[in-house]
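Below is one structure, written out as structure tokens; comments come after it.
FYI, it's all coordinate maths here, none of it is from the lab. All values reported here derive from a predicted model rather than from experimental measurement. Glycine gets a Cβ as well: all are built from the backbone with ideal geometry, and neighbour counts include every protein chain shown.
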Amino acid sequence: MTENSVIKLSHVVKKFGNDTVLDDIDLVVNTGSIVGLIGPSGAGKTTIIKTLLGMEVADGGQATVFDQTMPNRQLLSRIGYMAQTDALYDSLSARENLKFYADMKGLSASQTKEEIDHEAKVVGLFEDLDKRVADYSGGMQRRLSLAIALLGQSELLILDEPTVGIDPALRRQIWKELKNLRDQGKSILITTHVMDEAELVDDVALLLNGKIIAFDEPNNLKTTYKVNTIEDVFLKAEEENQ
Ligand SMILES: Nc1ncnc2c1ncn2[C@@H]1O[C@H](COP(=O)(O)OP(=O)(O)OP(=O)(O)O)[C@@H](O)[C@H]1O
Ligand SMILES: [Mg+2]
């Protein structure tokens with residue numbers, strides 16, 4: 001194992017009934033890198049994340065975060081997790097939601113205030129912080145979930161389709177922040193269906209039929225598949241593996 005890996009899945013198998021969703025998955029995320037997990041809907045991206053976080057129990061193999069098996073309370077404060085489904089308090093304002101999660105992460109009062117302002121700006125919600133979440137649009141709720149995951153300067157971010165319903169300009173701003181965090185040495189595992197975003201990661205993991213069929217830098221993948229975009233890599237890989 002590489003010494004600086006933050007996430008490590010080794011021979012992970014996950015079945016739902018007779019359906020093998022994850023079939024001998026190996027995946028590593030190294031410190032200070034962004035890994036993009038892509039694959040068709042239903043490929044098992046969310047299942048990988050849930051297994052990693054101990055929200056699903058693997059039927060075989062091993063998944064570790066910071067060399068330990070999840071769930072592990074001590075590790076939670078080191079991980080910023082954004083689920084595919086928003087978990088927000090509808091009747092509270094965005095600011096109250098952020099305060100609640102900042103509290104759970106153990107942030108001090110001054111840190112909380114500073115970070116709420118910063119993260120709200122990153123996701124373009126600064127002006128709307130005092131609106132009730134129930135009155136937020138779907139995209140705004142998504143952005144709030146991302147702001148929550150970013151709270152607390154976690155060493156590791158695990159983001160399950162964070163940019164769904166987010167417009168291109170704001171997406172660009174969010175990616176700028178993710179790259180900043182990466183440059184500061186944080187590690188990020190992100191899933192996406194937006195192929196432009198898959199161009200921006202350090203390594204792409206392509207999940208198909210329960211297996212990681214490719215793991216490499218975007219440019220290397222394009223060379224290997226003899227195409228010009230990650231979208232074409234995706235389409236070609238799908239075609240070849242039918
Ligand atoms: N709790 C569960 N019980 C039974 N089947 C499940 C469960 N969770 C996921 N599955 C199945 O596992 C497969 C992978 O689902 P998963 O949510 O991991 O896909 P995904 O790659 O995240 O898809 P999407 O891009 O649509 O989010 C699907 O066939 C799904 O129906
Ligand atoms: Mg999913």
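Of note:
- Note, ³J(HN,Hα) from phi for the stretch 84-93, Karplus 6.51, -1.76, 1.60, rounded to Hz, x at Gly and Pro: 5, 9, 5, 10, 10, 8, 4, 7, 9, 6
- Per-residue ³J(HN,Hα) for the stretch 58-70, Karplus 6.51 cos²θ - 1.76 cosθ + 1.60, θ = phi - 60°, Hz, x for Gly and Pro: 5, 8, x, x, 9, 10, 10, 10, 6, 6, 10, 7, 8
- Close amide H partners of residue 30, meaning residues 5 or more places away or on another chain with modelled amide H under 5 Å apart, are 6.
- Gyration tensor (alpha-carbon) shape descriptor, the stretch 160-226, a/c threshold 1.5: prolate
- Convex hull (Cα only) mean projected area of the stretch 46-161, reported in nm² to one decimal: 7.2
- Farthest positive-ward along the stretch 5-240 dipole, Cα basis, beta-carbon charges - from 76, 54, 225: 76
- Diagonalising the gyration tensor over the Cα atoms of the chain and scaling each eigenvalue by 5 before taking the square root yields semi-axes of 30, 20, 17 Å, largest first.
- Theoretical FRET efficiency, 1/(1+(r/R0)^6), r = Cβ-Cβ of residue 57 and residue 89, R0 30 Å, to 0.05: 0.60
- Cross-link partners of residue 14 among aspartates and glutamates (Cα-Cα below 16 Å; sequence separation of 8 or more within a chain): 23, 24, 26, 56, 59
- What separates the Cα centres of the stretch 83-155 and the stretch 192-222 is a distance of 29 Å.
- For the stretch 151-189, the residues whose amide N sits under 17 Å from a probe point set 7 Å from the Cα of residue 4 along the beta carbon direction are 155-157, 179-189.
- Residues of the stretch 123-163 with amide N under 15 Å of a point placed 7 Å along Cα→Cβ from residue 113: none
- Residue-count net charge about residue 89 - beta-carbon cut-off 10 Å; Lys, Arg +1, Asp, Glu -1: -1
- Rounded to 5, percent antiparallel among DSSP beta bridges of the chain: 55
- Label-to-label distance, nm, for residues given as residue 183 and residue 73 (7 Å Cα→Cβ offset): 3.9
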